[in-house]
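Undergrad: Below is a structure I'd like to ask you about.
The values are calculated or read from the model by the stated rules, or taken from the named source; none is laboratory data. Just so we're clear, the structure is a prediction, and the values are computed from it rather than from any experiment. Cβ sites come from the backbone with ideal geometry, for glycine too, and all protein chains shown count toward neighbours. With ligands, DNA and RNA removed, areas are computed over all heavy atoms of the protein, side chains included. Shrake-Rupley method; radii C 1.70, N 1.55, O 1.52, S 1.80 Å.
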Amino acid sequence: ITSTSKQDIDYAAWVVWKNDFKTDSITVSAQFQGERLLDIIAEVAMLTDSTAFDAGGNKLSFARWTGAASYSVIITDAHITGSPDCTLTTKEMFNRADVLLNYNPTSDSWGGKITAQDSTSVNTYGLIPVTFDGTLVWHVTSQTAVNFAQRLVVRRGQPNLAIRVKTPLRFLDVTLGDEVILTSQVYSLSSNAFFIDGMEQDFESKTIAFSLNEGFGRSGGVPRGFTLDDATYGLLDQTNNPLY
């Protein structure tokens, strides 16, 4: 059902998400042979550098990660219940992305490969490569594969700071992908920018537990717009930040 009467998805958000790829000329192909729907959605989200989530109302919403968040809130020690839990990890870090493209299911072969690399990160941490070669969803052209790979290595070329904080219910207006400007003496954080990649609301205890992520190089979030002086998202062009 391609209208707002669709019961399962936030159709308006889906249209914005789809048009973003249309503007960038981003296309993928797929072959589905009885896979679980959740696995398909996860694969599509991963290969399009997106997120799929329940934004309320039991409807699935979609957003593409970009250089800035859609909405920001300020959280300080005055808002935090208990102690924040902070982790610095390289679990999801990589600085070279190899993306295979134009898969042929009949011959089980690929038509090519592109590579994007963060040379500064490689020189600092050593080479940490990752290969995208899934045969459920794949990129069709080198243009789309380059767009995908470059966006990822920009964000994931640095160690990633993740933090979990619990607050009262005053932040009910935020959602996944929104930005949090966090200040806390516990970890000497002063106006550090994170984005929300998970949240749990507990109305019995009247609290919200936020899972905050630094953004794999401090460039995460769902779309808000142009980011001044950023090497990638400060560019007004059809690859990184097209004008509508």
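Undergrad: Are any residues in the range 161-172 touching a residue at least 60 places away in the same chain (Cβ under 8 Å), open to solvent by 10 Å² or more (accessible area, probe 1.4 Å) and either at positive phi or not in a helix (DSSP H, G or I) (or both), and if so, which ones?
TA: Leu161, Ala162, Arg164, Lys166, Pro168 - these are the residues of the range 161-172 that are touching a residue at least 60 places away in the same chain (Cβ under 8 Å), open to solvent by 10 Å² or more (accessible area, probe 1.4 Å) and either at positive phi or not in a helix (DSSP H, G or I) (or both).
Undergrad: Please find, within the range 32-58, the residue that is farthest from Ala97 (Cα to Cα) out of those that are more than 16 Å from the chain's Cα centre (by Cα) and surrounded by 12 or more Cβ atoms within 10 Å (Cβ to Cβ).
TA: Among residues in the range 32-58 that are more than 16 Å from the chain's Cα centre (by Cα) and surrounded by 12 or more Cβ atoms within 10 Å (Cβ to Cβ), the one farthest from Ala97 (Cα to Cα) is Glu35.
Undergrad: Shifting gears a bit: Considering Val146, Val99, Val153, Val130, which residue is open to solvent by 30 Å² or more (accessible area, probe 1.4 Å) and closer than 21 Å to Phe21 by Cα?
TA: Going through Val146, Val99, Val153, Val130 in turn, the sole match is Val146.
Undergrad: Name the residues in the range 113-140 that are among the small types (Gly, Ala, Ser) and under 16 Å from Arg155 (Cα atoms), would you?
TA: Ala116, Ser119, Ser121 - these are the residues of the range 113-140 that are among the small types (Gly, Ala, Ser) and under 16 Å from Arg155 (Cα atoms).
Undergrad: Another question, if that's okay. Output the qualifying pairs, or none if there are none: Cβ atoms under 6 angstrom, residues six or more apart or on different chains, first residue in the range 1-22 and within 15 Å of Asn58 (Cα to Cα), second residue open to solvent by less than 70 Å² (accessible area, probe 1.4 Å) and among the small types (Gly, Ala, Ser).
TA: Listed pairs, sorted by first residue: Asp10/Ser61; Ala13/Ser61.
Undergrad: Then there's this: Just to check your reading of the model, which residue among Thr183, Thr227, Thr175 is touching a strand residue (DSSP E or B) at 6+ places or on another chain (Cβ under 8 Å), open to solvent by 30 Å² or more (accessible area, probe 1.4 Å) and modelled with pLDDT under 85?
TA: Thr175
Undergrad: Here is a further query. I need the full set of residues from the range 110-127 which are outside any helix (DSSP H, G or I) and either within 14 Å of Ser29 (Cβ to Cβ) or open to solvent by 70 Å² or more (accessible area, probe 1.4 Å) (or both), in order please.
TA: Trp110, Gly111, Gly112, Lys113, Thr115, Gln117, Leu127 - these are the residues of the range 110-127 that are outside any helix (DSSP H, G or I) and either within 14 Å of Ser29 (Cβ to Cβ) or open to solvent by 70 Å² or more (accessible area, probe 1.4 Å) (or both).
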